[in-house]
Every structure is written in C-alpha cells, then in structure tokens.
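Read-outs: derived from the displayed coordinates by stated rules, not from any lab. Values in this document were obtained by computation on a predicted structure and should not be read as measured data. A quick note on method: Cβ atoms are made from the backbone with ideal geometry, for glycine too, and the neighbour counts reach across all protein chains shown.
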Amino acid sequence: MPNPPRLRAAVLTATAVLLSSSVTGCSHDNDTKDEDLSGQKLSWKDCPAPSESEGGGNAPSPLPDGDEWQCATMKAPLDWAKPRGDTIDIALIRAKTSGEQSKRIGSLIFNFGGPGGSGVASLPAFGKDYEKLRTRYDLVSFDPRGVGRSAGVKCEDDAQLDEYFQQDATPDDTAEQKNLLANTKTFNSACEKHSSRILPHVRTTDAARDMNLMRQVLGDTKLHYFGISYGTELGGVYAHLFPRASGGPSSTRSSTRPRTRNRARWDRLRASSSRSTISPRTAPPRPRTARSATPRRTSRTGSPHCSRTWTASRSRGSSRAS
C-alpha cells in the first residue's frame, strides 16, 4: 500500500484528472445502466481497522469536525462481459459532506495510484487536506478489484514474500539475472495458483466499469473524480468508456489547478531523475482545464463493448508503484 508521505508527494506532483464531457470515444452503449446491480443499497457502517493486505494499523481517526469515516461493500460483476454472472465485493469508504445539502455537488471519488493502492486505507490520511472539498462533496474511495478487501489477489505467504523482496532487484551478472527470473516465475505461479478466479478480471477497464457502477449506486448523474499517479490513467480510461457520464470542469476545477510552486517541484523532479515514477502526461497542467492520461489508439480490443483500447504513455520506470 502506498504510504501517506509518498502519497502526499504524489498529490504535489501529480494532477487530478479532469473528466471533461468533451472527451470522445465509444458511446453506443457506455451510458446504459447496469440494471441488476445499480439499484443496490449500500449499508454504511463505522470502518474497521485496515486488514493486513491494506497495510494494517488502527481504524481511521475521526474527521477534523469529529464525524466518523463510514465503510460499505458494493457488489460488482466478477466478469463485466457477463454482468449477470458471479459477483465480487468492492470495499468503499466515505466522509459525508460537511456543507449544506443544498450546495452538495455529489460524491468525489479518489484513486491514489499504484496500481494496487488501497483507497480505503489511504483516504483517511488526507481528511484534513481535503476538508475544503468536503464542503461540497462526499469524499469517497475504494479498494480496486484485486486489492485489499475487494477480492484481493493472494500470492505467497508472509515468509515467502519476505524472501522474495530480499532478492537483488538489480542483477549485475548472469547468475543474479537467472535467480531474479526464477524467483519472479515462482511468484507469478503462486499468484495464478491462489488467485486464478480474479486475476483475469483486474484490468484497468474492469476498474473503470466498477467506478461507473459506483457512480450509479451513489446516485450521481456524473462521475466526479480525483486521480493521482496511475489514477490519472484510470480516469482517462473511464472518460473514454463513459464520456457522457464524466463530470465537467466546474466539478473538479479546485483540484486541477496546482499552484506555481507545485509546477516547479515537478520540473525539478523530472530534471533530477531519469526514472520518474510519474508520467509527463500526469504532471500538473499549465492550462485551466486539464485532460490527463491522453489516450492513444491501438489495434487491440480493450473490452467487449468498445472497438479500441486507450492507454496513457508512460516514462521509463512509471510502472513502478507510486
């Protein structure tokens, strides 16, 4: 799980995704409701302490105004190609708006990057930072499928993981290269053995469709979204798949206009590192309106409902955890 200090750095150097309704893409069936599951009612309760897969620790501390964080579980299709088939649980967390209900815009959904970061464990660390946003939004995050309490992928036990992460990840000779390759194959085989049911369904497009269902279940006409690091790519994929359900500039402008000093920090980071974990496409935008994770066309089909796959270009090393 990304730790709060690194996430705070990501907030300073990565832009929130602005989901503009002008983004184009497949739209022939993107805005239809997921009839079987969109009407489900969430049962919000006090949040338990994070699980080991979410990093462990204590239950979230109260918000600055004393309100408690709330957690719930949403049902989503295991396989979005078979929406009436088996389901999985998607873990959610929220802080209800502190402002007047008459001024509430809706829910603002956060993804903190990774991929593989637990939103349920991460969002409470920013309760104070995002308090102004909370005057107009319910702040919501989630464990993406395959993470934490959302059908989390299981690979090796603790002892095996300790051994795996102690290996030399920068081999200097043939023997070390062979050892790294062998350990990686063993790790991958363990993931396939223990998580074969969920592994084929943890693509970015699956997470985007989960967010669209989340939007419907939360009662929002448009998705209002704040993505950090890899979260910008997820937001771009969502905007492509569901252009008419993407929130407009007025809904996220306050979180997409970084101050000048943040731009300067980004410029220094890019100049000083050839292995940036943040793609140039996710740098804080200069213009007032930003469209991060600019899609590019490929020849392969990305989903059963769309004839194209769109991805965000990454700089060298950007696939590393944020």
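For the stretch 123-224, calculate the relative contact order in percent as a whole number, restricting contacts to Cα pairs under 8 Å that are 6 or more residues apart.
Contact order relative to length: 26 percent.
Hey, fewest Cβ within 10 Å first, where do Y230, Y164 land in order? Walk me through the numbers before you get to the answer.
Values: Y230 30, Y164 15.
By the 10 Å Cβ count, ascending: Y164, Y230.
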Handout entry: Under-5 Å amide H pairs with V153, H placed in peptide plane, nonlocal only
Key = G146, V147, G148
Problem - Ranked T205, T232, T73, criterion: other C-beta atoms within 10 Å, fewest first - result: T73, T205, T232
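Net charge near S195, counting Lys/Arg +1 and Asp/Glu -1 over other residues with Cβ under 12 Å of its Cβ? Provide the component values of the computation, followed by the final result.
Details: positive: R145, K154, K193, R197; negative: E156, E192.
Neighbourhood net charge equals +2.
What FRET efficiency do you get for D162 and T186 if R0 is 22 Å and r is their Cβ-Cβ distance, rounded to the nearest 0.05?
On the way: r = 14 Å, r/R0 = 0.63.
In this case the efficiency is close to 0.95.
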Problem - Equivalent ellipsoid dimensions for the stretch 102-147 as semi-axes, Å, which come from the Cα gyration tensor, largest first - result: 22, 12, 7
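Rank the residues E233, E68 as a footprinting-exposure proxy: fewest other Cβ atoms within 10 Å of their Cβ go first. Kindly include the intermediate steps, with their values, before the conclusion.
On the way: E233 28, E68 15.
The order, fewest Cβ neighbours first, is E68, E233.
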Completion exercise
Expected sort for 36-42, 130-136 on mean C-beta neighbours within 10 Å, highest first, is 130-136, 36-42
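Show me the ranking of peptides 190-202, 209-221 by mean Cβ neighbours inside 10 Å, starting with the highest. Show your work: numbers first, answer last.
Working: 190-202: 14.6, 209-221: 19.8.
Top to bottom by mean Cβ count within 10 Å: 209-221, 190-202.
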